[in-house]
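Chemist: One structure coming up, written as structure tokens, with questions to follow.
The values are calculated or read from the model by the stated rules, or taken from the named source; none is laboratory data. A quick note: this is a predicted structure, and the numbers were derived from the prediction, not measured. We place every Cβ from the backbone using ideal geometry, glycine too, and count neighbours over all the protein chains shown. Accessible surface is based on the protein model in full, side chains and every heavy atom, while ligands, DNA and RNA are left aside. Shrake-Rupley method; radii C 1.70, N 1.55, O 1.52, S 1.80 Å.
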Amino acid sequence: MDRYLDYIDTGKKIELIIRTPNGAVRFASFFEEQNDKCILISTPKNKHIKFNFPTGQILELYAYTRGGVFKLKCRLLAINEKNCELSLPFGVENIQRREYIRVNMGINIIIKLLPSQKTTLKTKTKNISAKGANVLLDIDISKYSKVELTLLFPEKTIKTIAKVIKIKPVMIDSTKYYSTSFMFVCTTNRETDFIVKKCFEFESAQRRKFLDNKI
């Protein structure tokens, strides 16, 4: 049950969700420590709402890590100006390991073919995970085993070396393209955590759109 402590370190940014009769309220916080009695986090922040909930309030903590997304259910024990004291979790869930979540999210990407880097390709990802990405190219780059990728997220730019692991010719509107898959080989833990978080945010947004359309 405590396996999450292998991935949630001091200073790790976490997301708090509180379920209210008017809907879910989200806050940002940082994990400080866990001892034998409680978990300490920094005082949760939200630009529009003050964190002002009674002791005993149930909180959901979400930590986006290289080991997946950990969801912890806790109760609010105490709060002061600097931090919050929470109960030890009475529910822990590893929602999904990072290597299994892949979403059809289009991120601007720049591809430099190694070792020369003379050829630069610009496109968007067809899908992406914390381990790699797939793109549709109009040229076959099978003679290159490695590339340099620059992923241009709106909030962050990630640059990594990647292996070319699969190329499949496809026909679209009578034009031949190459479905090309890459595996990231040098992303940092922080970058991996960021991609995991963006994938889950995208998946959640798509799920909300689907549910809204059903109403």
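Chemist: Could you list all residues from region 176-192 that are modelled with pLDDT under 95 and either open to solvent by less than 60 Å² (accessible area, probe 1.4 Å) or polar (S, T, N, Q) (or both)?
Modeler: The answer is THR187, THR188, ASN189, GLU191, THR192.
Chemist: Considering region 113-141 alone, what residues qualify as being over 21 Å from the mean Cα position of the chain (by Cα), among the basic types (Lys, Arg) and at pLDDT 95 or above?
Modeler: Residue satisfying the conditions is LYS122 alone.
Chemist: Hey, any hits in region 142-154 for a residue that's more than 25 Å from the chain's Cα centre (by Cα), at pLDDT below 95 and at positive phi? Break it down into steps so the answer makes sense when it comes.
Modeler: The first filter runs over region 142-154 and keeps only residues more than 25 Å from the chain's Cα centre (by Cα), leaving 142-145.
Next, only the ones that are at pLDDT below 95 stay: 142-145.
Then keep just the ones that are at positive phi; that gives none.
Looking for residues that are more than 25 Å from the chain's Cα centre (by Cα), at pLDDT below 95 and at positive phi, one finds none in region 142-154, hence no.
Chemist: If I filter region 2-11 for residues that are part of a strand (DSSP E or B) and either loosely packed, with under 13 Cβ neighbours inside 10 Å or without any contact (Cβ under 8 Å) to a residue 60 or more places away in the chain (or both), do I get at least one hit?
Modeler: First pass over region 2-11, keeping only residues part of a strand (DSSP E or B): none.
Taking every residue of region 2-11 in turn, none turns out to be part of a strand (DSSP E or B) and either loosely packed, with under 13 Cβ neighbours inside 10 Å or without any contact (Cβ under 8 Å) to a residue 60 or more places away in the chain (or both).
Chemist: Taking the residues in region 76-129 that are under 23 Å from LYS146 (Cα atoms) and basic (Lys, Arg) as candidates, determine which candidate is most open to solvent (accessible area, probe 1.4 Å).
Modeler: LYS118
Chemist: Take the residues in region 12-31 that are in contact with a strand residue (DSSP E or B) (Cβ under 7 Å, 6 or more places away or on another chain) and farther than 25 Å from ASN189 by Cβ, then tell me which one is surrounded by the most Cβ atoms within 10 Å (Cβ to Cβ). Can you show your working first?
Modeler: Residues of region 12-31 in contact with a strand residue (DSSP E or B) (Cβ under 7 Å, 6 or more places away or on another chain): 12-18, 24-31.
So of that shortlist, the ones also farther than 25 Å from ASN189 by Cβ come out as 18, 24-25.
Values: ILE18: 18, ALA24: 9, VAL25: 16.
Per the criteria, the residue is ILE18.
Chemist: Is it fair to say ILE79 is among the aliphatic types (A, V, I, L, M), in contact (Cβ under 8 Å) with a residue 40 or more places away in the chain and on the phi < 0 side of the Ramachandran plot?
Modeler: Working: among the aliphatic types (A, V, I, L, M): yes; in contact (Cβ under 8 Å) with a residue 40 or more places away in the chain: no; on the phi < 0 side of the Ramachandran plot: yes.
When the stated conditions are applied, ILE79 does not pass them.
Chemist: What tally of residues in region 52-90 results from selecting those that are of a type in the set (Lys, Arg), at pLDDT below 90 and over 27 Å from LYS131 (Cα atoms)?
Modeler: So the answer is 1.
Chemist: With respect to SER116, is the statement that it is free of Cβ contacts under 8 Å to residues at least 12 places away in the same chain and of a type in the set (Ser, Thr, Tyr) true?
Modeler: Values: free of Cβ contacts under 8 Å to residues at least 12 places away in the same chain: yes; of a type in the set (Ser, Thr, Tyr): yes.
So SER116 passes the test.
Chemist: Restricting attention to region 45-66, and to residues there that are closer than 20 Å to LEU88 by Cα and within 20 Å of the chain's Cα centre (by Cα), which single residue is surrounded by the most Cβ atoms within 10 Å (Cβ to Cβ)?
Modeler: For region 45-66, the residue satisfying everything is TYR64.
Chemist: Suppose we filter region 88-140 for residues that are β-branched (Val, Ile, Thr) and either out of contact with any Leu (no Cβ under 6 Å at 6 or more places or on another chain) or at positive phi (or both); how many remain? Talk me through it step by step, then tell me what you get.
Modeler: Step one: of region 88-140, the residues β-branched (Val, Ile, Thr) are 92, 95, 101, 103, 107, 109-111, 119-120, 123, 125, 128, 135, 139.
Now restrict to residues that are either out of contact with any Leu (no Cβ under 6 Å at 6 or more places or on another chain) or at positive phi (or both): 95, 101, 103, 110, 120, 123, 125, 128, 135, 139.
So the answer is 10.
Chemist: Among (1) surrounded by 16 or more Cβ atoms within 10 Å (Cβ to Cβ); (2) more than 29 Å from PHE184 (Cα to Cα); (3) touching a strand residue (DSSP E or B) at 6+ places or on another chain (Cβ under 6 Å); (4) modelled with pLDDT of 90 or more, there is one condition GLN34 misses while meeting the rest; what is its number?
Modeler: (3)
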